[in-house]
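Asks: Sharing a structure here in structure tokens format.
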Amino acid sequence: MTLLEEVLEILRRVVDDDVDLAGDTPLFSSGLLDSHALEEIHVAVEQRWAPIPPMELTRANFDTAAAIAATVARLEPGGDHR
């Protein structure tokens with residue numbers, strides 16, 4: 001399973017079942033998710049991969065599954081996941 005697929009799996013637990021998610025689906029800028037969902041995603045990402053510093057918790061880094069995967073790949077120790 002790729003990093004993006006793992007991120008999408010996490011997001012599917014947070015998003016309504018009737019939403020078809022892709023790597024480029026806007027999550028926050030579209031209003032699909034809110035700040036409560038961001039915290040839930042943040043916790044799941046940290047539990048699975050690595051701590052996310054508060055300065056990295058931006059809408060730009062979390063607005064799509066691809067952006068979340070890129071953030072994780074950049075921050076995880078030794079983790080250039082593609």
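The values are calculated or read from the model by the stated rules, or taken from the named source; none is laboratory data. Since the structure is predicted, the reported quantities are computational estimates derived from the model, not experimental observations. When we count neighbours, we look across all protein chains shown, and the Cβ atoms used for this are built from the backbone with ideal geometry, even at glycine.
Asks: On the basis of being at pLDDT 90 or above, crowded, with 16+ Cβ neighbours inside 10 Å and either assigned to a loop (DSSP other than H, G, I, E, B) or of a type in the set (Lys, Arg) (or both), does LEU33 make the cut?
Replies: Taking the combined requirement at face value, the residue satisfies it.
Asks: Name the pairs: first residue in the stretch 46-68 and closer than 15 Å to SER35 by Cβ and surrounded by 15 or more Cβ atoms within 10 Å (Cβ to Cβ), second residue of a type in the set (Ser, Thr, Tyr) and at pLDDT below 95, Cβ to Cβ under 8 Å, at least 6 apart or on different chains?
Replies: Hits for this filter: ASP63/SER29.
Asks: For the stretch 36-82, how many residues meet the condition of being at negative phi and in a loop (DSSP other than H, G, I, E, B)? Write out each step before concluding.
Replies: We begin by selecting, within the stretch 36-82, every residue at negative phi; these are 36-77, 79-82.
In the following step, the residues that additionally are in a loop (DSSP other than H, G, I, E, B) were identified as 49-53, 57-58, 63-64, 76-77, 79-82.
Total satisfying the criteria: 15.
Asks: Further question on the same structure: Can you name every residue in the stretch 1-27 that is under 11 Å from the mean Cα position of the chain (by Cα), hydrophobic (A, V, I, L, M, F, W, C) and part of a loop (DSSP other than H, G, I, E, B)?
Replies: Result: LEU27, single match.
The rows are residues; the columns are (1) under 20 Å from ARG59 (Cβ atoms); (2) in contact (Cβ under 8 Å) with a residue 24 or more places away in the chain.
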position	(1), (2)
GLU5	no, no
VAL14	yes, yes
ASP20	no, no
PRO26	yes, yes
ASP34	yes, no
ALA37	yes, no
HIS42	yes, no
